[in-house]
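Novice: So that we are looking at the same thing, I have put the structure below in structure tokens.
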Amino acid sequence: MKPPGVSPRPQDILAKVKDQVMRPSSEVELSEIIQGAQALQIKGGGTRGLGRVVGEVLDTSGLSGVELYEPGALTLVAQAGTSLAAIETLLASERQRLAFEVPDLRGLLAREGVSTIGGVVAANASGPRRVQVGACRDALLGVRFVDGRGDVIKNGGRVMKNVTGYDLVKLMAGSQGALGVLTAVSFKVQAVPEATVTLAAERALPQGLADLRAALGSPYDISAAAWADGRAMIRLEGMAGSVAYRAGKLRDLLGFEAAVTDWAAVRDVSAFAGRAGAVWKLSIKPTEAARVIAALGLEAICDWGGGLVWLLDPSGRADVRGVVAGIGHATLMRGLPGMEAVPRFPPEAPAVAALTAGLRAKFDPRGIFNPGMMG
């Protein structure tokens, strides 16, 4: 459907263009811009980036503000350009949080800017707690977005129910702006737990990852499981009595002891920030992580029990995608001079590429959103 309201005059829209940046302040303006555009780079806070996309910059930061927050219902609705920091501050005032623990990769990627909640959804950005509560998409209740025709589409709502039969909420999470420009998102939020405990032990990589998998396979409800710098770490959260009981059982099972761990540093891959080299993000079978890291011989940080692996390649010459072929995929998060021809995203299998092309033809028939993103 077309957005309600009075359409702005073309000269008013053009007045928003400055140095090839357009910053709409309403869905009406956004729809008008999209209808007249040929190629658009969708930009939130500029903290994550998409690589070699082309077109005029469409800045969503003008679509800002919390539309609804009901702490008792654990529900929040915000416009896509709202800063993540503002949302986290609001939630913290009620001892609540976004459960999926959004990574801040500005240090790793040498970027500035302010992360927006729309960018978080577009990237499906998810941190260590994914092993317990799922990814960003699993906390997402509803979305509004404008497609490539300029139509405003709404899907989902404030509760875990989808009346249309088409789960566009999950589809938009991680779509990287390729299917539409998000204008508003709604989430189920989480209460901050009463207690948090970290257990850790010095472990060589293969044994450390095996211990993490054992912890995740136990009935003791792990909220994070990571390995870095010769150390395996698990986190427990919840009511104080429950955390104490589970920690005792895991100490007996694994031989881990209480420890201090900066989980934000794990989440943000801080150990690789400011260091020379290409950075790869691998999503692989946890049981294959130790073998892949050994085969490549690169410094690694493992999260999600080995399901997420970060690699630092000082030379940029490692055959990362060749080694992970068939067991996962590798995303080039940060390259080096001379790596311009290396695509950021891995090539899609033919069947997946056909599905992707079909979705883009449906939602962005003119191909105006983030062209060149997959290159």
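Novice: With 23 Å as the limit, write out which pairs from Lys170/Lys362; Lys188/Lys285; Lys43/Lys170; Lys281/Lys362 have Cα-Cα distances beyond it, or answer none.
Specialist: Correct reply: Lys188/Lys285; Lys281/Lys362.
Novice: If you stretched the chain out fully between Asp229 and Thr196, how much longer would it get, using 0.36 nm times the residue separation minus the C-alpha to C-alpha distance?
Specialist: 9.7 nm
Novice: Then there is this: Select from Ala361, Ala195, Gly241 the residue farthest towards the positive end of the dipole of the chain; place +1 on Cβ of Lys and Arg, -1 on Cβ of Asp and Glu, and compute about the Cα centre.
Specialist: Ala361
Novice: Distance in nm between label sites at Arg52 and Leu74, each 7 Å beyond Cα in the beta-carbon direction?
Specialist: Taking the simple label geometry, Arg52 and Leu74 are separated by 4.5 nm.
Novice: About the Cα centre, and with charges only on the beta carbon of Lys, Arg (+1) and Asp, Glu (-1), how big is the dipole of region 272-334? Nearest 20 debye, please. Intermediate results must be reported in sequence, preceding the final value.
Specialist: Working: 7 positive and 5 negative charges, 22 e Å.
Charge dipole, region 272-334, about its Cα centre: 100 debye, nearest 20.
Novice: Another question about this same structure. Work from the charge dipole of the chain (Cβ charges, +1 for Lys and Arg, -1 for Asp and Glu, about the Cα centre) and give the residue of Val279, Ala178, Leu296 farthest towards its positive end.
Specialist: Toward the positive end, the furthest listed residue is Ala178.
Novice: Okay, next question. Sum -39500 (n - 2.57) across every DSSP H segment of at least 4 residues in the chain, then divide by the residue count to get the 222 nm mean residue ellipticity, nearest 500.
Specialist: Helices in the chain give a 222 nm mean residue ellipticity of -7500 deg cm²/dmol.
Novice: Quick one: Ile234, Ile222, fewest Cβ neighbours within 10 Å first, how do they rank?
Specialist: Ile222, Ile234
Novice: Roughly speaking, what is the stretch gain from Ala294 to Ala271, that is 0.36 nm per residue apart minus the C-alpha to C-alpha distance, in nm to one decimal?
Specialist: Full-extension gain reported as 6.4 nm.
Novice: What whole number of Å gives the distance from the Cα centroid of region 189-261 to the Cα centroid of region 290-321?
Specialist: When both Cα centres are located, 23 Å separates them.
Novice: Then there is this: Per-residue counts of other Cβ atoms within 10 Å, averaged by peptide: what ranking do you get for 256-264, 52-60, 86-94, highest first?
Specialist: Peptide ranking by packing, descending: 52-60, 86-94, 256-264.
Novice: Given springs between every Cα pair under 10 Å in a Gaussian network model of the chain, which of Lys154, Lys249, Lys170 has the largest fluctuation?
Specialist: Of the options given, Lys249 has the highest mean-square fluctuation.
Novice: Here is a further query. At a Förster radius of 41 Å, what calculated FRET efficiency corresponds to the Cβ-Cβ distance of Met239 and Thr356, to the nearest 0.05?
Specialist: Computed FRET efficiency for Met239 and Thr356 comes out at 0.40.
Novice: Nearest 20 debye, what's the magnitude of the dipole of the chain about its Cα centre given +1 on Lys and Arg Cβ and -1 on Asp and Glu Cβ?
Specialist: 520 debye
Novice: If one computes the Cα centroid of region 88-105 and of region 332-356, what distance in Å separates the two points?
Specialist: Each part reduced to its Cα centre gives a spacing of 31 Å.
None of the figures in this text is laboratory data; all of them are computed from the coordinates on show. This structure is a prediction, so every number in the text was calculated from the model and none was measured. Reconstructed Cβ throughout: ideal geometry from the backbone, glycine too, with neighbour counts over all protein chains shown.
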